Amino acid sequence: MLGISSISPYLTWGNAKRLGKLFPYFVTEGSDVMSKSMEATIRGVKDATGKRVGGTGLSGFKGALRTGLHEVEAGHSALVAKYGSFPKYVGKVLKNLPGEMSAAWKAGGEAAAAAGKSSLMGSLKSVGSVGLKRLPLIGSLIYMATEVPNIFRATKDGGIVSGAAETLKAGARIGGFTAGMAIGQALIPIPLVGGLIGGMVGEFLASTIVGKSYTEQKEEIQQEALAQAAQYQGFDTGATNPFATGMTEQQQLAMLQQMMANDPRFQRTV
């Protein structure tokens, strides 16, 4: 059975730097490249009848993972050589994505109509295939947008180093989700379903490794402080209440900590 032990040999600092370098390509095309490569190794390639032959099964998982990563590296190198720098390629992908979706809609509808099938379903299927290929990129952009407030707060409270740490955490979670999508889609050949399941597992593993975000940690501290305050008999509910309006979160916590500092009920023992 596959589990954390199946991928633990790859959780090294060297591989982390290697994957960090490939990250931009991975969320644009690399995930799809890796998924197809692993699927071909594990489930085999399609013959003339559309039947898959020659697959290794789950026993070849490690080899499939290794081959998939090598193909991702090759694809990354090819694009860097072609465009000069990878950011230029990412910009090109984002610029051309609307046109790519539009062309897929038109081509899919025309092909379906020519075959006597529903042009609407053909268009949806064609656009869906493009969307599935670009899902890691779209999902990464959305995820990073939701992480901006957390990164901003960490930078404001803890400085550039704290903000950079939260950015790396967010990147690790995105990387875990994207890698999980590639592996899940290869193991569970149901469009989107396998990728989403694998993505959630990958994101969970990445979150376990990098830990909770700054915002989550701060909320836990505040909830603990509130719980302690509720038990504190000397807690003033009037104008001097440290959780009264008009005070910042830092002032609230600082005042509460000062009030509780000399109270033996709140002294922790090791």
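Listing for the model above:
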quantity: Scan of the stretch 115-134 for residues that are over 17 Å from S31 (Cα atoms) and assigned to a helix (DSSP H, G or I), ordered by number; calculated: S119, L120, M121, G122, S123, L124, K125, S126, V127
quantity: In the stretch 59-81, the residues that are modelled with pLDDT under 85, over 24 Å from G131 (Cβ atoms) and touching a helix residue (DSSP H, G or I) at 6+ places or on another chain (Cβ under 8 Å); calculated: V80
quantity: In the stretch 151-187, residue modelled with the lowest pLDDT [restricted to those that are polar (S, T, N, Q) and out of contact with any Phe, Trp or Tyr (no Cβ under 6 Å at 6 or more places or on another chain)]; calculated: Q185
quantity: Search result, residues across the stretch 95-119 that are loosely packed, with under 13 Cβ neighbours inside 10 Å and under 27 Å from the mean Cα position of the chain (by Cα); calculated: K95, N96, P98, G99, S102
quantity: Verdict on I221 being without any contact (Cβ under 8 Å) to a residue 60 or more places away in the chain and outside any helix (DSSP H, G or I); calculated: no
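Results for (1) closer than 23 Å to G199 by Cβ; (2) without any contact (Cβ under 8 Å) to a residue 24 or more places away in the chain; (3) assigned to a helix (DSSP H, G or I), shown as yes or no for each residue.
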position: G99; (1), (2), (3): no, yes, yes
position: G108; (1), (2), (3): no, yes, yes
position: A113; (1), (2), (3): no, yes, yes
position: P136; (1), (2), (3): yes, no, yes
position: A145; (1), (2), (3): yes, yes, yes
position: V148; (1), (2), (3): yes, yes, yes
position: F152; (1), (2), (3): no, yes, yes
position: R173; (1), (2), (3): yes, no, yes
position: T178; (1), (2), (3): yes, no, yes
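The values are calculated or read from the model by the stated rules, or taken from the named source; none is laboratory data. Quick caveat, the model's predicted, so the values are computed rather than measured. No Cβ is skipped: glycine too gets one built from the backbone with ideal geometry, and neighbour counts run over all protein chains shown.
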